[in-house]
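Read the structure below first, then the notes.
The values are calculated or read from the model by the stated rules, or taken from the named source; none is laboratory data. This is a predicted model, so every value here is computed, not measured. Reconstructed Cβ throughout: ideal geometry from the backbone, glycine too, with neighbour counts over all protein chains shown. SASA here: full protein model, heavy atoms, side chains in, ligands and nucleic acids out. Shrake-Rupley method; radii C 1.70, N 1.55, O 1.52, S 1.80 Å.
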Amino acid sequence: MPDFDPNRRQLLKASTVAVGGVAVASQLAQPAQAAPAAQPATNTTPTTMSIRLKVNGIEHQLMVDPRTSLLDALRERLHLTGSKKGCDQGQCGACTVLIDGRRTTSCLTLAVMQEGHEITTIEGLGTPTNLHPLQRAFIKHDGFQCGFCTPGQICSAVGMLEEIRAGAPSHVTADLNAKVVASPMEFRERMSGNICRCGAYSNIQEAIAEVAGVKP
């Protein structure tokens, strides 16, 4: 075993201190990183715009978010709650209204898109003392149970019967060159976009058939 050499130990200590000092000096010599630039403040206030909607023959001036659906404008701003929010995806038909006489799912169209158009909701079809023929027929044939889908069913039926009168064919129309004939099969196909969770479909068909003058 070699003799203990204190000078060697002193050399190792001095080397360690020197290396550590160089590392610290290197870190201190690095330029400080620039602070990230401040992001400009974003305005989180929703943008609104003025629109004029003609609903059930009455014009309404509204300030709305341009993303507002027609359904929400009718229910939340005009308090016309007959049109129901069911699926909010255009699949159940509970929100159906008439726009220029054509049935439309109001949850899938924006309120700002309907300026200059005639909008008719279930409230505009009839009154308790002067019911629309389809409203009377739905009552007569018990075409509803909970009533949730009924406004959309009636509005859709009104638009559907106008489609047949105008000669618009459906998926089940046999001859596209012949006059479209109202029939239970046509009614079932054309009303398939309106869901009744209570299952009152047969009564709904009877009500529509009576108004259309067709044997169910």
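Assorted remarks:
- Boolean, C92 is surrounded by 14 or more Cβ atoms within 10 Å (Cβ to Cβ) and out of contact with any strand residue (DSSP E or B) (no Cβ under 8 Å at 6 or more places or on another chain): yes
- Pairing each residue of segment 150-170 that is under 15 Å from S183 (Cα atoms) and without any contact (Cβ under 8 Å) to a residue 40 or more places away in the chain with any residue that is open to solvent by 20 Å² or more (accessible area, probe 1.4 Å) and not in a helix (DSSP H, G or I), provided the two are 6+ apart or on different chains, yields C-beta distances under 7 Å for G167/K179; P169/L176.
- Across segment 199-214, not a single residue is classified as within 30 Å of V64 (Cβ to Cβ) and either open to solvent by less than 80 Å² (accessible area, probe 1.4 Å) or of a type in the set (A, V, I, L, M, F, W, C) (or both).
- Residues of segment 92-107 classified as touching a Gly at 6+ places or on another chain (Cβ under 8 Å) and in a loop (DSSP other than H, G, I, E, B), total: 5
Residue-wise test of (1) under 30 Å from C196 (Cα atoms); (2) in contact with a Leu (Cβ under 8 Å, 6 or more places away or on another chain); (3) at pLDDT 95 or above.
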residue	(1), (2), (3)
L12	no, no, no
V22	no, no, no
A37	no, no, no
A73	yes, yes, yes
A94	yes, no, yes
V97	yes, yes, yes
Q114	yes, yes, yes
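- Where helices (runs of 4 or more DSSP H) sit wholly within segment 108-187, those with at least 1 residues that are open to solvent by 80 Å² or more (accessible area, probe 1.4 Å) occupy 133-140, 150-165.
- Scanning segment 160-191 for residues that are of a type in the set (D, E, K, R) and within 16 Å of R102 (Cα to Cα) yields a total of 4.
- Subset tally (residues that are assigned to a loop (DSSP other than H, G, I, E, B) and open to solvent by 50 Å² or more (accessible area, probe 1.4 Å)) for segment 57-83: 4
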